[in-house]
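Below: one structure, written as structure tokens.
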Amino acid sequence: MSDKDYIKEFVKIFESELCYRHGLSKRSAWSDLMLMFACDISNITEVRSDVKKERLAAFKECADRLGGVEIPIRLLAITMEALSNNPSQDFLGNLYMTLSMGEEGWGQFFTPYHVSHLMAELSLNDIDKDLNGKEYTTIADSCVGAGAMLIAAADVIREKGVDVSTGALFFGQDLDQTAANMAYIQLSLIGCAALIVEGNTLTEPYTGNPLFVDENSRFWYTPALFMSEWNKRRIEELKALKRENIA
């Protein structure tokens with residue numbers, strides 16, 4: 001199935017079986033759907049008990065508003081299959097624009113993926129030098145949107161033979177919760193180790209270390225960030241910090 005077919009199938013189910021059948025606006029249904037997807041993925045590896053409970057409750061509340069879990073599960077399955085077959089795309093961003101939610105009235109537009117890819121190629125031209133002698137590199141986008149720039153960066157480093165789940169640590173922040181959820185979902189599904197933060201980059205810039213899990217529920221850690229390789233790196237980082245404190 002082509003990318004266009006996945007988008008066509010998703011749009012048909014979303015508009016007719018979800019929004020029209022249940023009398024929902026596209027905007028509210030989309031926000032609830034993205035939060036459901038994000039909570040479902042997060043709770044697979046979520047280590048913060050309070051955050052896990054909070055996200056489980058949010059998942060259930062969204063499901064109630066959307067008329068149950070059957071349709072959302074079908075839409076998540078389409079999203080997973082589309083990104084599995086082609087991780088080099090901004091699938092949810094394309095859907096957002098296809099559903100006409102990027103019109104001027106909404107005040108939000110996402111960068112076309114081919115533009116993001118070109119920018120990533122220019123920015124990461126010397127990635128081999130950056131990785132020389134290092135276990136991983138860090139790639140950040142302070143206005144992440146649906147994650148197109150980070151997805152494109154993952155695509156570029158993948159083309160250079162770097163494992164995106166262990167060779168790079170991705171970070172993104174966005175003021176819009178739904179956009180942040182979209183970025184989190186996509187980076188999770190293409191196997192990136194990433195932290196996505198909901199918040200205003202200008203007034204609340206993230207200044208922590210993405211390796212270490214913060215109790216703030218606005219911080220979303222992808223499943224890949226809990227792989228054994230990253231756990232080992234956390235331990236080594238803690239040892240290094242202790243040595244610095246002793247010195």
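Relative to the longest principal axis of the C-alpha atoms of the chain, give the angle of the C-alpha long axis of helix 3-12, reported between 0 and 90° and rounded to the nearest 10°. Compared with the principal axis, the helix lies near 50 degrees. Need one number: nm distance between label points at Ile235 and Leu122, each 7 Å from Cα along Cα→Cβ, rounded to one decimal. About 4.3 nm, to one decimal. Going by the alpha-carbon gyration tensor, a ≥ b ≥ c the square roots of its eigenvalues, is the range 149-210 rounded (a/c under 1.5) or, if a/c is not under 1.5, prolate (a/b greater than b/c) versus oblate? Prolate. For the pair His22 and Asp50, label points projected 7 Å from Cα toward Cβ lie 3.0 nm apart. Coupling constants for the range 112-122 follow from the phi torsions by the Karplus curve (6.51 cos²θ - 1.76 cosθ + 1.60, θ = phi - 60°), and in residue order they are x, 4, 5, 6, 4, 5, 4, 5, 5, 4, 5 Hz; glycine and proline get x. Just to confirm the number: angle between the C-alpha axis of helix 70-85 and the first principal axis of the chain, 0 to 90 degrees, nearest 10? Helix 70-85 sits roughly 50 degrees off the main axis of the chain. On the basis of the beta-carbon distance and an R0 of 45 Å, Asn245 and Cys143 show a calculated FRET efficiency of 0.80.
As a rough guide to protection, the peptides 139-149, 18-28 ranked by mean Cβ packing within 10 Å, highest first, stand as 139-149, 18-28.
Charge tally around Glu198: other residues with Cβ under 12 Å, Lys/Arg +1 each, Asp/Glu -1 each, net -2. Contact order, relative form, for the range 114-247: 20 percent (alpha carbon pairs under 8 Å, 6 or more residues apart, mean separation divided by residue count).
The angle between the Cα long axis of helix 26-45 and the main principal axis of the chain comes to about 40°, on a 0 to 90 degree scale.
The label-point distance for Arg65 and Phe212, in a model that sets each label 7 Å from Cα toward Cβ, rounds to 3.5 nm. Relative to the Cα centre, the charge distribution of the range 1-124, modelled as +1 at Lys and Arg Cβ and -1 at Asp and Glu Cβ, gives a dipole magnitude of about 260 debye.
Shown for the chain: lysine pairs separated by 8 or more places, or found on different chains, whose C-alpha atoms are under 14 Å apart, numbering 4.
Readers should treat all values here as calculations from the given coordinates under stated rules, not as data from a laboratory. Remember, predicted model here, so these are calculated numbers, not experimental data. As a convention, Cβ positions derive from the backbone with ideal geometry for all residues, glycine included, and neighbour counts pool all protein chains shown.
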